[in-house]
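**Q** Please read through the structure below; I'll follow up with questions.
The values are calculated or read from the model by the stated rules, or taken from the named source; none is laboratory data. Bear in mind the structure is a predicted one, so any value in this text is a computation, not a measurement. Heads up, the Cβs are rebuilt from the backbone with ideal geometry, glycines too, and the neighbour counts pull from every protein chain shown. Heavy atoms of the whole protein, side chains included, go into the accessibility calculation; ligands, DNA and RNA do not. Shrake-Rupley method; radii C 1.70, N 1.55, O 1.52, S 1.80 Å.
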Amino acid sequence: MADNSSLNALIEGLRRLPGVGVKSASRMAFHLLQHDRAGAQLLAQALQQASTHIRHCERCHTFTEGEVCATCLDPRRDATKLCVVETPADQAALERTGAFHGLYFVLMGKLSPLDGIGPNDIGLAKLFDRATNGTVHEVILATNFTAEGEATAHVIGEALKKRGLSVTRLARGVPAGSELEYVDLGTIAHALVDRR
């Protein structure tokens, strides 16, 4: 029987992606090898390039190829507003809206005591230093609306309020274009409480 160690390694590598099981990884591997060898080479080169050259921004922790990301270096950004997010993907989502023109701080996670993730693990000391640098006037907490995200926002908010900063939380409510009968009850309840 032929040695398939390279194929098995490819499948195992693809399984490391979130939401990809054995079947999906196998399907991807067979597709790349049978129908898209050029795509497989492109993917391999892109992964190698990204893993070698992409690092965390020294100021905000997002992904960048330089020491400091383009957002932090942009003089047109409003340095008085600092938006706190959990991941670089969350920052990218906010940037795509075009609605925020301030700066960011990426926590690289959220507080989760059950998983052993505390304030030091998500860089809260660095966030507090950045937020109290004399330039920032408002900190916008844009952590996710999960139990851990809410707890993280609460801890950060209380600590920054004690330091005299204005702290706001990303609004939540009924999504635009939705019908109330199909929206979950928790979302409707928060929308009623936070109504304006």
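**Q** Please report the spacing between the Cα centers of the stretch 11-34 and the stretch 68-101 in Å, no decimals.
**A** Distance between centres, Cα-based: 33 Å.
**Q** Among all the lysines, which ones have a C-alpha under 28 Å from Lys81's C-alpha, if same-chain residues fewer than 8 places away are not counted?
**A** Partners within reach: Lys110, Lys126, Lys161, Lys162.
**Q** Quick one: order Arg77, Arg55 from most to least accessible surface, probe 1.4 Å.
**A** The most accessible residue leads, giving Arg55, Arg77.
**Q** Diagonalise the Cα gyration tensor of the chain and give the resulting equivalent ellipsoid semi-axes, square root of 5 times each eigenvalue, largest first, whole Å.
**A** 37, 24, 17
**Q** Follow-up question, since we're still on this one. Given Cα pairs under 8 Å that are at least 6 residues apart, what percent is the relative contact order of the chain?
**A** In percent, rounded to a whole number, it is 13.
**Q** Could you state the accessible area per residue of the stretch 34-136 in Å², with a 1.4 Å probe and every protein chain left in place?
**A** 60
**Q** If DNA, RNA and ligands are ignored and the probe is 1.4 Å, what is the ranking of Leu114, Leu73, Leu107 by accessible area, most exposed first?
**A** Leu114, Leu73, Leu107
**Q** Tilt of helix 88-97 relative to the longest C-alpha principal axis of the chain, in degrees (0 to 90, nearest 10)?
**A** The two axes meet at around 70 degrees.
**Q** Angle between the Cα long axis of helix 22-35 and the longest principal axis of the chain, 0 to 90 degrees, nearest 10?
**A** 60
**Q** How far, in degrees from 0 to 90, does helix 37-53 lean away from the longest principal axis of the Cα atoms of the chain, to the nearest 10?
**A** 40
**Q** Using a 1.4 angstrom probe on the protein heavy atoms only, line up Phe145, Phe105 by accessible area, largest first.
**A** My answer, sorted largest first, is Phe145, Phe105.
**Q** Remind me, what semi-axes does the stretch 65-159 give for its equivalent ellipsoid, largest first in whole Å, using sqrt of 5 times each Cα gyration tensor eigenvalue?
**A** They are 22, 15, 13 Å, listed largest first.
**Q** With the crude spin-label approximation of a point 7 Å out along Cα→Cβ, what separation in nm comes out for Ser178 versus Asp115?
**A** About 2.4 nm separates the two model spin labels.
**Q** Let me ask another. On the protein heavy atoms, probe 1.4 angstrom, tell me the percent of accessible surface of the stretch 1-73 carried by carbon and sulfur.
**A** 56
**Q** Could you compute how much accessible surface Ser166 exposes when probed at 1.4 Å, giving the result in Å² to the nearest 10?
**A** 60
**Q** Report, in cubic angstrom per residue, the convex hull volume of the C-alpha atoms of the stretch 39-93.
**A** 104
**Q** Provide the percentage of antiparallel DSSP beta bridges, counting only those with both residues in the stretch 49-196; round to the nearest 5.
**A** Approximately 20 percent, going by the DSSP bridge assignments.
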